[in-house]
Amino acid sequence: MGQTLAEKILSRKAGREVRAGELVVVEVDQVMVVDSIAGSFFKRLEYLEATPRYPERVSIVIDHVAPAANLEVAKAQKEIREWGRRHGIRVFDVGRGVCHQVLVEEGLAQPGWVVVGSDSHSTTYGAVGAFGTGMGATDIALAAASGRTWLRVPESVKVVFRGQLPPGVTAKDAALEMVRRLTAEGATYMAVEIHLQDGAEAFSRGERMTLANLTVEAGAKAGLVVPSGEVLELYRVPDWLYPDPDATYVQEVEIDLTRLTPRVSVPFFVDNVHEVAEVKGKRVDQVFIGTCTNGRIEDLRAAAEVLKGRKVAPGVRLLVIPASSEVLEEAARDGTLLTLLEAGATIGTPGCGPCMGRHMGVLAPGEVCVSTSNRNFRGRMGAPDAEIYLVSPRVAAASAVAGYLTTPEELEETHA
Amino acid sequence: MPRVWKFGDQINTDDILPGKYAPFMVGEDRFPTFAFAHLRPEFAKEVRPGDILVFGRNAGLGSSREYAPEALKRLGVRAVIAKSYARIFFRNLVNLGIVPFEAEEVVDALADGDEVELDLERGVLVRGAERFQLRPPPPFLLEALREGSLLDYYKKHGRFPGE
């Protein structure tokens, strides 16, 4: 009987053939720690009287509140820098970017690796064929101390994306459609294995990151994109890193990209996904373009294309926060940044921005935010009754210009 | 007597502890006082050690923030009963030594404010004259829980259960 991609990776790591349902203890190739839980991480290591077993396999990223928003955070981040120096641990400091983007840019997620991160969107590493999974501070501390972690080998759900996207429809729309089809708990404890076929192989690494990123919103333990296209050019992909044709899946979902339309996730649940056309006209106070889901250069360019020669509507705040310093540099180099600024955008320090409601764009009671991020839970970005609508960068940009939720195509018609 | 705090389906970790009240935002001492700050602002003040949290489906979805269940632990919660769990939250509960029971029919039978007694080891829940049998956690988790938490287990044995 054939193996899924998840079974292949964990078998390789366990040194024996393993199947879904088994518990395995495996070596971890990279442990990623974010600033917001670093204090808990240090305390747990202290309790264990341990230090990281393989210092080069640990990275700490200061991204969740960067730069520091208050004295508590400033103290916590000072401790990170000192701890990093003391133990020879890599620290990516304020401004380097969102953890997942940074690790991929730095080559700290590689095909076939197991990467555990103290952030639920660690599924993102599946874009390059790594088994990336999110965990809490205790698991992360144990992984750093032992160099290993325990996992239940997950069953897999197969999601096949077929064909090429129509103009104006993006990988974010495809990802939201996937979450709608799977539901918020449809892949709980499972790996989502993403197969790109009949033209969908053309998805870039960044677009694959968007897909893998959102698999956790269906409950997934990992979101593995079967390596193809650009990933084969950028990485040395081991020949065993493919699911067998006769692998067993719990469920198979097919998404026809050629018929997809722009999507929006409506509060307060990520799987509450609709066509933008159904919700259009919703008044907007703030538009946020960024995060590990959609803060890459292609996302900023897509927004700039819509914003070129236009202005953000009066009364609307447009926040653009590049996912990393590399993205920001590239946007400065190719003119994207100037286009955004001319349209009236505010540019923030690369990092997570206001995604989890701590700083740089917290929402007031009753406010509405159109965002390219990944969660629209109640109170996520500030006031409990503030609303977050999740969309693609193009739709976010068009909504900033209109002052209400809309697509660039609708904008053309209205302003023609 | 311990009481039941009952919540609905799809309660996420932002509900349990909003991100703006993370320990590194408000300090180690204060963060538990913000548990369910948006959803049930009275919870952190009124919850008593030994009280039981009851959730519907997909409990604890979303952010991996272990400080959400850690806030519950600091407030004295030792057990959670849910219809089903999101995976990171489930791991975090075990790692912290909070027992995660899964029992759909028991969740349906319990009401907010019920006074109950729970035998954690045996998984026996008593409400008045009624007695509910909960399925005890699997052996791997039980082994860890017997030492307190997975962290305690690893500290004592230098390995994971069953390794």
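The values are calculated or read from the model by the stated rules, or taken from the named source; none is laboratory data. It should be emphasised that the depicted structure is a prediction, and the values quoted were computed from it without experimental measurement. Cβ: placed from backbone, ideal geometry, glycine included. Neighbour counts: every protein chain shown. The area values use the complete protein model at the heavy-atom level, side chains included, leaving out ligands, DNA and RNA. Shrake-Rupley method; radii C 1.70, N 1.55, O 1.52, S 1.80 Å.
Here are the numbers for this structure:
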{"item": "Pairs where the first residue, in the stretch A:54-66, is more than 17 Å from A:Phe42 (Cα to Cα) and the second is surrounded by fewer than 21 Cβ atoms within 10 Å (Cβ to Cβ), C-beta under 7 Å, 6+ apart", "result": "A:Ala66/A:Val94; A:Ala66/A:Gly95; A:Ala66/A:Thr349"}
{"item": "Where a residue in the stretch B:88-100 is touching a residue at least 40 places away in the same chain (Cβ under 8 Å) and its partner, wherever it lies, is assigned to a helix (DSSP H, G or I) and β-branched (Val, Ile, Thr), with Cβ under 6 Å and at least six apart", "result": "B:Asn95/A:Thr138"}
{"item": "Residue selected from the stretch A:233-275 under the condition in a helix (DSSP H, G or I) and more than 21 Å from the chain's Cα centre (by Cα), by the criterion surrounded by the most Cβ atoms within 10 Å (Cβ to Cβ)", "result": "A:Thr258"}
{"item": "First in the stretch B:49-76 and more than 19 Å from A:Ser40 (Cα to Cα) and open to solvent by 10 Å² or more (accessible area, probe 1.4 Å), second anywhere and among the hydroxyl-bearing types (Ser, Thr, Tyr) and not in a helix (DSSP H, G or I), Cβ under 6 Å, 6 or more apart", "result": "B:Arg57/B:Ser84"}
{"item": "Meets criteria (open to solvent by 10 Å² or more (accessible area, probe 1.4 Å) and either within 11 Å of another protein chain (Cβ to nearest Cβ) or more than 17 Å from B:Pro137 (Cβ to Cβ) (or both)) for B:Arg91", "result": "yes"}
{"item": "Single residue of B:Phe140, B:Phe160, B:Phe101, B:Phe132 found to be more than 17 Å from the chain's Cα centre (by Cα) and open to solvent by less than 20 Å² (accessible area, probe 1.4 Å)", "result": "B:Phe160"}
{"item": "Residues (among the hydrophobic types (A, V, I, L, M, F, W, C), closer than 29 Å to B:Val106 by Cα and within 12 Å of chain A (Cβ to nearest Cβ)) located in the stretch B:131-157", "result": "B:Phe140, B:Leu141, B:Ala144, B:Leu150"}
{"item": "Selection count where residues are among the basic types (Lys, Arg) and touching a Ser or Thr at 6+ places or on another chain (Cβ under 9 Å), scope the stretch A:221-280", "result": "3"}
{"item": "Residue match in the stretch A:154-169 (condition: within 23 Å of A:Asp29 (Cβ to Cβ), part of a strand (DSSP E or B) and not polar (S, T, N, Q))", "result": "no"}
{"item": "Flag for A:Ala68 being part of a helix (DSSP H, G or I) and either of a type in the set (Gly, Ala, Ser) or open to solvent by 50 Å² or more (accessible area, probe 1.4 Å) (or both)", "result": "no"}
{"item": "Which numbered condition A:Arg181 fails, given (1) closer than 18 Å to A:Pro393 by Cα; (2) part of a helix (DSSP H, G or I); (3) open to solvent by 10 Å² or more (accessible area, probe 1.4 Å)", "result": "(1)"}
{"item": "Residue match in the stretch A:152-164 (condition: in contact (Cβ under 8 Å) with a residue 40 or more places away in the chain, within 10 Å of chain B (Cβ to nearest Cβ) and not β-branched (Val, Ile, Thr))", "result": "yes"}
{"item": "Options A:Ser204, A:Ser146; residue that is closer than 25 Å to A:Tyr242 by Cβ and among the small types (Gly, Ala, Ser)", "result": "A:Ser204"}
{"item": "Restricting the stretch B:47-71 to residues that are over 11 Å from the mean Cα position of the chain (by Cα), within 14 Å of chain A (Cβ to nearest Cβ) and in a loop (DSSP other than H, G, I, E, B), the residue that is nearest to B:Leu120 (Cα to Cα)", "result": "B:Gly56"}
{"item": "Only listed residue being part of a strand (DSSP E or B), among the hydroxyl-bearing types (Ser, Thr, Tyr) and crowded, with 24+ Cβ neighbours inside 10 Å, chosen from A:Thr124, A:Thr133, A:Thr138, A:Thr149", "result": "A:Thr133"}
{"item": "Residue tally, condition open to solvent by less than 50 Å² (accessible area, probe 1.4 Å), more than 10 Å from chain B (Cβ to nearest Cβ) and among the aromatic types (Phe, Trp, Tyr), over the stretch A:2-57", "result": "1"}
{"item": "Scan of the stretch B:10-46 for residues that are more than 9 Å from chain A (Cβ to nearest Cβ), open to solvent by 10 Å² or more (accessible area, probe 1.4 Å) and in a loop (DSSP other than H, G, I, E, B), ordered by number", "result": "B:Ile11, B:Asp29, B:Arg30, B:Arg40, B:Pro41, B:Glu42"}
{"item": "Selection count, the stretch A:154-176, where residues are surrounded by 21 or more Cβ atoms within 10 Å (Cβ to Cβ) and either in contact with a strand residue (DSSP E or B) (Cβ under 7 Å, 6 or more places away or on another chain) or aliphatic (A, V, I, L, M) (or both)", "result": "12"}
{"item": "Residue in the stretch A:377-388 that is within 19 Å of A:Ile297 (Cα to Cα) and buried (at least 23 other Cβ atoms within 10 Å of the Cβ) present", "result": "no"}
{"item": "Single match in A:Leu108, A:Leu103 (criterion: of a type in the set (A, V, I, L, M), part of a loop (DSSP other than H, G, I, E, B), away from chain B (no Cβ under 14 Å) and closer than 30 Å to A:Val226 by Cβ)", "result": "A:Leu108"}
{"item": "Single residue of A:Asp173, A:Asp93, A:Asp139 found to be among the acidic types (Asp, Glu) and within 14 Å of chain B (Cβ to nearest Cβ)", "result": "A:Asp139"}
